[in-house]
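Just so it is clear, none of the values below were taken in a lab; they were calculated from the coordinates. The structure presented is a predicted model; accordingly, all values stated were derived computationally and were not measured. Positions of Cβ are generated from backbone atoms using ideal geometry, with glycine treated the same way; all protein chains shown enter the neighbour counts.
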Amino acid sequence: MTKKFLLFALTFFCVEGFMELGAQSDGRNKILVAYFSESGNTRVVAQVIESAVGADIFEIKTVQTYPKEYNPLITLAQKEQRENARPALSTRVGNMDSYDVIFVGYPNWWGTMPMALFTFLEQYDFAGKTIIPFCTHNGSRLGSSVNDLKKLIPKAAVLEGLAIRGGRSGSFELGGQRERDAVQKEVDAWLRRLGMVN
Ligand SMILES: Cc1cc2nc3c(=O)[nH]c(=O)nc-3n(C[C@H](O)[C@H](O)[C@H](O)COP(=O)(O)O)c2cc1C
């Protein structure tokens, strides 16, 4: 192994695999936005929340990437759900203990969270933390995801979730400025209801 490769591998591991995110020293609640997004809609919502509340942001990624084409993607996602699979994740929050509030975002897949979220929620101890779910969807809103999430982390306080219309299945619909502005409005109203912003 060359020195160059070692350096590359180390950099890649730090950036992609194991995120030790910034600490807040002023005593305020430390907030993380953790999200999974296949086609980009949930990422947009995550970024809007990140800047609205001054959070760290973390992308949940799977070791195996999902098919880009719609039919193979929905077939695989359904198979994972039927098998109650726990897809392996390639990213990990190194300092989860230091967060008090964690926004957890995902697309609605077959009425609930993608199975990667089940893996994520089982990987850490969320006891005593505040969890705030949000999703993008194509009509089913949060579906059964919040109930499913609560079952996985019974010792966390789970607040009101937000469902944002992401559009047609598997397509990136929230990329334009008009769509982002609309997301911003919905997110701001929700965060005010939760008392997260003034
Ligand atoms: C595998 C799969 C299953 C889906 N199942 C549902 C569903 O049950 N209900 C729904 O409203 N939308 C469903 N959708 C649509 C997605 O929730 C929507 O497109 C979402 O915005 C995608 O988010 P993303 O761009 O962050 O990946 C599904 C999409 C995919 C790819």
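The smallest convex shape that holds all Cα atoms of the chain, its convex hull, gives 143 Å³ per residue.
Backbone amide hydrogens, once placed in the peptide plane, bring Lys129 within less than 5 Å of Ala157, excluding anything fewer than 5 places away on its chain.
Neighbour counting of Cβ atoms within 10 Å sorts the residues Glu38, Glu122, Glu50, fewest neighbours leading, into Glu122, Glu50, Glu38. Taking Cα centre as origin and charging only the Cβ of basic (Lys, Arg, +1) and acidic (Asp, Glu, -1) residues, the dipole magnitude of the chain rounds to 200 debye.
Exposure proxy ranking for Glu69, Glu179, based on other Cβ atoms within 10 angstrom of each Cβ and starting from the fewest, stands as Glu69, Glu179. The lysine pair count for the chain, using Cα distances under 21 Å and pairs eight or more places apart or on different chains, is 7. Note on region 31-194: dipole from Cβ charges, positive end direction compared against Val158, Thr75, Val53; the farthest Cα belongs to Thr75. DSSP beta bridges confined to region 31-194 are antiparallel in about 10 percent of cases.
Close amide-amide hydrogen proximity is noted between Thr62 and Ser90, each under 5 Å apart and 5 or more residues distant or on a separate chain (H modeled in the peptide plane; Pro and chain starts excluded).
Where in the chain is the longest stretch that carries no trypsin sites (Lys or Arg not before Pro) classed as loop by DSSP and with at most 13 other Cβ atoms within 10 Å? Segment 69-154 is the longest.
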